[in-house]
Every structure is written in structure tokens, then in C-alpha cells.
Amino acid sequence: MNQSASTKVRLEEWFETSIMRPIEDFQDPKQEWRRLFSELVGTFFLVLVAAGGGMMGQAFPDTISRTAAVTAPGLMVMAIILFMGKVSGAHLNPAVSLAFAVRGDFPWWRVPGYIVVQLGGATLAALFLRAVVDVSAKYGSNYPASGYSSMAAFWMEFILTLGLVSVILGTASGAQNIGIIGAFGVGGYIALAGLWGSPISGTSMNPARTFGPDLVGRDWTAYWVYVAGPIAGGAAAVVVAFVLRGHGGGAAGSGAAQGALYTEVGVPGKD
């Protein structure tokens, strides 16, 4: 009996020391997997809603309006930022990860991992939708509107992403950092952009959001638009942020970009 009790105590001590304590230690750089898992899950749910609107509309005609389809992703992003933004920064978008890195708020060594899991999360969402809704994932993707060129769609994606990333960088800056409330600004912008901009390009503003449905639907029509447009728009937003607020890399911007998990501040002492 004593030996059994002693064994139980040792097991409990091992579990606490080797399993629970490392998981609870947010400052341990070995916890990087939590960031990546957060981005995977967040992007999965974003694409689940963003691509799901079109796919559900194809499966059940006249049930989902364009207004509902373009507003839902904004609401989902708002929810995702609120529930996991402190873990990974809730980028959910390669264009955002790259913009934060160029701005100096996000370390470059983390960018490849973020992009890989964002693309992975988008692909898993498209696979899930195809299996459950039982229509091609291409109905959940983005393509230039009939009668409009790929260049027209590119410029639409460029200007819409310029606005989106400007909102993200602005709410993350030391001068205007509003913490988790920034979720309302970002989610609201996504919904607003979709309401007026979606007819021409679909309002992707996110290479991962379009990648998943294109990969699963095997239709890469004009995919370059949804890579080049958002990335160029994000880069332009970094320039705008520099003109408005100077260099990035401060504590507030780094915290917003990286979350609370082992945050690396590019410019110590800067807000």
C-alpha cells in the first residue's frame, strides 16, 4: 500500500514537472508550437466561414445572401482575435505576417512557420467543407468577376489590403494601441470591404484564404492576383505606417504582432 502511494506521488510529481509546468510557461521559447497551432486553428475557422458562404450558397441556392457571405468573415476574425490574439497575434494571413515583419514588429525567423500553418489551416477548412457540403471547393474561392480583367481584380485586392493592413498596424501601434478592442476595427473593416468590393475580386485580401479552396478545388484561375495584390497592398500599408508613425519595433506593436508568448521586442524602450 505504501509502495503504491509512493508510486502515485512520483507519477503526480513527474506529470506536474514534465507536462503541466512546461505547458504553462508562456515565456519558454519551446512553446513556439502554441503560436503555430493558434494560427492553424484560427485560419481554419476564417476559411471555414469565408469559403463556406459560397459553397453553402451553391449547395442551397437562395439561402445565403452576398451581404451575409461577406460579413461573416469579418465577424469570425473579430471572434478569433478576441479568443486567441494574445497567443499568436492572430495574423491568419501571410500578407499580415509579412507586413508585421517588414514593419519590425515580428521576427523574420517566425514568418515561414506562420505562412505554412496558415496555408495548412486554409486547406483543412476547404477539405472539411468539400466533405460535408459536398460541392467543389472552387465555389468557395475567389476569382475575378466575369467581364473584368485580372489586373482590375489585382488593383481591387491591392487597395482593399492596403486598408486592412493599415487598420491592423494602426491599432497595434504604440500611439494608438487599443489592445484587444482592435478586433472590432479589423473585423469591421473586413465586413465593410466585402460589402462594396466583393463583386470584382471577391475581397480575399489573404493569399491563404484563396489558396485552400483553389488547391482542393483544383482551379488556380488568376491565383496570382490573390498573392500579388494582398502582399503589395500590405507592403504599401507599411510605408503608410512609417509616414504616419515612424519606425516600428516597439513594445506595443511587437506585443500585438506576436502575442504574449515569448515576445521579442525589436526596439527595446520604444512604445
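The values are calculated or read from the model by the stated rules, or taken from the named source; none is laboratory data. Source: prediction; values computed, not measured. Positions of Cβ are backbone-derived with ideal geometry, glycine not excepted, and every protein chain shown enters the neighbour counts.
Criterion applied to Gly187, Gly170, Gly194 was being over 22 Å from Pro213 (Cβ atoms) and part of a helix (DSSP H, G or I), and the one residue passing it is Gly170. Screening Ala222 with (1) of a type in the set (A, V, I, L, M); (2) over 15 Å from the mean Cα position of the chain (by Cα); (3) at negative phi gives one miss only, at (3).
crowded, with 17+ Cβ neighbours inside 10 Å, part of a helix (DSSP H, G or I) and modelled with pLDDT under 95, is that true of Ala95? No; evaluated as a whole, the condition is false for this residue. Of the residues in region 56-70, not one is of a type in the set (Val, Ile, Thr), modelled with pLDDT of 95 or more and either more than 11 Å from the chain's Cα centre (by Cα) or assigned to a helix (DSSP H, G or I) (or both). Total residues in region 123-141 satisfying the condition of being touching a Phe, Trp or Tyr at 6+ places or on another chain (Cβ under 6 Å) and buried (at least 20 other Cβ atoms within 10 Å of the Cβ): the figure is 1. In this structure, is Arg35 surrounded by 10 or more Cβ atoms within 10 Å (Cβ to Cβ), out of contact with any helix residue (DSSP H, G or I) (no Cβ under 8 Å at 6 or more places or on another chain) and either under 30 Å from Asn93 (Cβ atoms) or at pLDDT below 65 (or both)? It is false that Arg35 is surrounded by 10 or more Cβ atoms within 10 Å (Cβ to Cβ), out of contact with any helix residue (DSSP H, G or I) (no Cβ under 8 Å at 6 or more places or on another chain) and either under 30 Å from Asn93 (Cβ atoms) or at pLDDT below 65 (or both). Restrict the check to region 68-81 and report whether at least one residue is crowded, with 20+ Cβ neighbours inside 10 Å and over 15 Å from Ile190 (Cβ atoms). Within region 68-81 (the criterion being crowded, with 20+ Cβ neighbours inside 10 Å and over 15 Å from Ile190 (Cβ atoms)), the answer is no, since none of the residues qualifies. Would you point out which residue out of Gly170, Gly187, Gly179 is modelled with pLDDT under 95, of a type outside the set (A, V, I, L, M, F, W, C) and surrounded by fewer than 19 Cβ atoms within 10 Å (Cβ to Cβ)? Exactly one of Gly170, Gly187, Gly179 is modelled with pLDDT under 95, of a type outside the set (A, V, I, L, M, F, W, C) and surrounded by fewer than 19 Cβ atoms within 10 Å (Cβ to Cβ), namely Gly179.
Scanning region 142-165 for residues that are modelled with pLDDT under 95 and crowded, with 19+ Cβ neighbours inside 10 Å turns up nothing. Exactly one residue out of Val117, Val111, Val102 is of a type in the set (A, V, I, L, M) and farther than 22 Å from Ala237 by Cα, and it is Val117. Residue-level check: of (1) under 15 Å from the mean Cα position of the chain (by Cα); (2) touching a residue at least 40 places away in the same chain (Cβ under 8 Å); (3) part of a helix (DSSP H, G or I), Phe83 misses just (2).
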